[in-house]
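All remarks here apply to the structure that follows.
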Amino acid sequence: MLRLALRLCPPRLRRPAGPALIGLAAVWGCQAEAPPEPAPPPAEIAELEEAGGASGLDPWPHGAMIAAADSRAVDAGLEILRQGGHAVDAAIAVHAVLGLVEPQSSGLGGGAFLLVHERATGETLVYDGRERAPAAIGPDLFLEDGEPLGFLAAWQSGLSVGVPGQVALYKAAHDGHGRTAWQDLFTAAIDLAEAGFEVSPRLAGFLANERLRGALRLDDEGAAQAYFYPGGEPLGEGVLRDNRPYGEALREIALAGPSAFYTGPRAERIVAAVTSDAAPGGLAVSDLEAFTVKTPAPLCADHREGGAFRICSAPPPSSGGVAQNAIFGIYQRRLAGVEAPDEAARLLAWVEAQRLAYADRDHYVADPDFVPVPAEDLIDPAYLDARAETPAVPSGPAGPGDPGTVLARGPLIDMWGRDTTAETPGTTHISVVDFEGNVAAMTATVEAPFGNGVMVDGFLLNNQLTDFARAPELNGRPVANAAAARKRPRSSMSPTIVFDGDGALVMVTGSPGGNSIVAYVSKTLVGVLDWGLSAQEAVDLPNVIARGERVGVEASLEQGARWAEILRAEGYEVRDASGEMSGLNIIVVGEDGLDGAADPRREGVAIGLAPEFRPPQAD
């Protein structure tokens, strides 16, 4: 029997008008396609599927879906899924294209956190490809005459470049889960790089923005200037732009693996770009050669009576596992005694939960290989019970709590000085569910828009080390997130997977957005899990960021304006956060199938393949 693909395809570079539901009887504006002959999965996977999975699970009935920042990248990942690829294979193919068409957000010169869930075994894993500091740096990395450098001076310098982790993460994750041949993961990106891609409105807008152009050095640095500002003019929307050096880099990585990036001439060119900067960094080829991907356990917590939901995200130095569990846990506790809470009650509980979780995150979260991070204590039910009782003080910032004291393990709060590093939003997020119900949730970054601004072999280097605290001490106490040799800077990236009490998948979520990522992702968790919203309705909610003294609210939206007035009436200082750009890409498992959503504030799409399209060899 001929199997057909039902593809939910919105216009290019525009989100669907509503939620993307798999299992619809008809799909407007799309053509059904006959699947190509897929490569057979490994024998052990086939055996598991034939037996209904290692745990006796029924076959996954919901089809497959990808939500990411660009339709061309999603197309590349869908092609991998059509051929029987794993969610991890698709995520790599998606990201390889994003590094080309969305260079302002991520790429080979950056890093990522990836969560993977294997439905057959019930296992959830983390791949930590966070950039590392070079061996030659110390806590005074961003000090000049004893004073911290300004952010712009630190950002636009060789000092800011960490060892990229993206390519190593690709390989580690593929070794653990991949079904598609390694070299085939990069075909779509190589073809686009060589034939050319149309410059998107968002990329063109970044390049034409005079204020941003003045802050960046893209148009006064050789390779980047020639690429982004040919003839002195920014690339315009719709212009066809090739990137042959990027294609060649991918071709060599496809043939030789990560060694084509971390050793040899390419590694030497990366180091030369960093060390020849006017403010040179300490990166050495030996730093690239020594890079390894960490595979820690995810940080998970159960929520609601009886553990109705289990939220899992990346552990430190990511903030995801700590902050997402803390926000949702405190939120539900603050509402526990409220009968039939209305919109205002829910909003106030969520804002206070954010303020308290951000304060703890700012104080404690850093690289656990270098400083003790009480991650499990910060989401311990007893600590969240106590934290939720903290009185609201809208007129000032929330302070950190002390889980050591609450849990009778000895005080922790005076170990560190609070860090309020302002991370910038050069990031992307990819959510994938494959035909077996396996999941990949990857948030990747080069840190600021266009990273460090220096281009090598068609990709931009990161400025990830500016995620360290530029001042290593505060009030005479060390800051947990201070720079150190080989240390990973703290991250707000929060790739998140939610399960129900039986371990079944509920949703996959994540976003770019600097330190606001924590708030953006928590919005989707509260919206879907507590407010009962669809994926798109949750994404479309006004953004609210409650970190520090003021609460940012997306007041340009009607609901956001109403929320701002509610908060002002309660004594909060509110700022307009309408200019902040979330980029949420989420997938929710609904009664009618997969419900996908991409953020209307960017150019993403959520596209699904119906169950009937599942490759024959995967049956």
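The values are calculated or read from the model by the stated rules, or taken from the named source; none is laboratory data. What you see is a predicted model; the values in this text were computed from it and never measured. Glycine also receives a Cβ, built like all others from the backbone with ideal geometry; neighbour counts cover every protein chain displayed. Accessible surface areas use protein heavy atoms only, side chains included; no ligands, DNA or RNA. Shrake-Rupley method; radii C 1.70, N 1.55, O 1.52, S 1.80 Å.
Given only helices, namely DSSP H runs of n ≥ 4 each adding -39500 (n - 2.57), what is the per-residue ellipticity at 222 nm of the chain, to the nearest 500 deg cm²/dmol?
Values: 21 runs with 200 residues, N = 619.
The helix-only estimate for the chain comes to -9500 deg cm²/dmol at 222 nm.
Please report, ordered by residue number, every helix of the chain (full DSSP H runs) that is 15 Å or longer along its axis going by C-alpha atoms and whose mean Kyte-Doolittle hydropathy reaches 1.0.
Qualifying helices, which must be both long enough and hydrophobic enough, are 87-101, 517-529.
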Fill in: For region 131-136, 3J(HN,Hα) per residue [Karplus equation, 6.51 cos²θ - 1.76 cosθ + 1.60, θ = phi - 60°, Hz, x = Gly/Pro]
4, 10, 6, x, 5, 8
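Compute the Cα gyration tensor for region 69-132, then decide on rounded, prolate or oblate, letting a ≥ b ≥ c be the square roots of its eigenvalues: rounded whenever a/c is under 1.5, prolate when a/b is larger than b/c in the other cases, and oblate in all that remain.
Judged from the Cα gyration tensor, region 69-132 comes out oblate (a/c at least 1.5, b/c at or above a/b).
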Worksheet, complete the sentence: If amide H atoms are modeled at 1.01 Å from N in the peptide plane, then the residues at a separation of 5 or more from residue 132, or on another chain, having amide H under 5 Å from its own are 163
Worksheet, complete the sentence: For the chain the mean separation of alpha carbon contacts under 8 Å (6+ apart) over residue count, i.e. relative contact order in percent, is 25
Worksheet item: What figure in square angstrom, to the nearest 10, would you give for the accessible area of residue 531 with a 1.4 Å probe?
Response: 60
Item to complete: Could you run the Karplus curve 6.51 cos²θ - 1.76 cosθ + 1.60 with θ = phi - 60° over region 369-377 and give me ³J(HN,Hα) per residue in whole Hz, x for Gly and Pro?
Response: 6, 10, 9, x, 10, x, 4, 5, 5
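Using a probe radius of 1.4 Å on heavy atoms only, what accessible surface per residue do you get for the chain? Whole Å² is fine. Walk me through the intermediate numbers first.
Details: 21520 Å² over 619 residues.
That works out to 35 Å² per residue.
Show me the ranking of peptides 601-614, 91-104 by mean Cβ neighbours inside 10 Å, starting with the highest. Intermediate values should be presented prior to the final figure.
Working: 601-614: 23.9, 91-104: 28.4.
The densest-packed peptide leads the list: 91-104, 601-614.
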Discussion item. Taking amide H atoms as placed 1.01 Å from N in the peptide plane, list the residues 5 or more away in sequence, or in a different chain, whose amide H sits under 5 Å from that of residue 279.
Written reply: 158
Worksheet item: Restricting the count to DSSP beta bridges whose residues both fall in the chain, what percent are antiparallel, rounded to a multiple of 5?
Response: 90
Worksheet entry | Amide H contacts of residue 453 (H built 1.01 Å from N, under 5 Å, at least 5 apart or other chain) | 461
Response to the item:
So, relative contact order of region 120-234 in percent, Cα under 8 Å, 6 or more apart, is 21
Response to the item:
Everything considered on the Cα gyration tensor (a ≥ b ≥ c; rounded for a/c under 1.5, else prolate if a/b is larger than b/c, else oblate), region 121-260 must be described as oblate
Discussion item. Please state the shape class of the chain: rounded when a/c is under 1.5, otherwise prolate if a/b exceeds b/c and oblate if not, all from the C-alpha gyration tensor.
Written reply: rounded
Fill in: Hz values of 3J(HN,Hα) by residue in region 281-288 - Karplus curve (6.51, -1.76, 1.60), Gly and Pro given as x
x, x, 5, 10, 4, 4, 5, 5
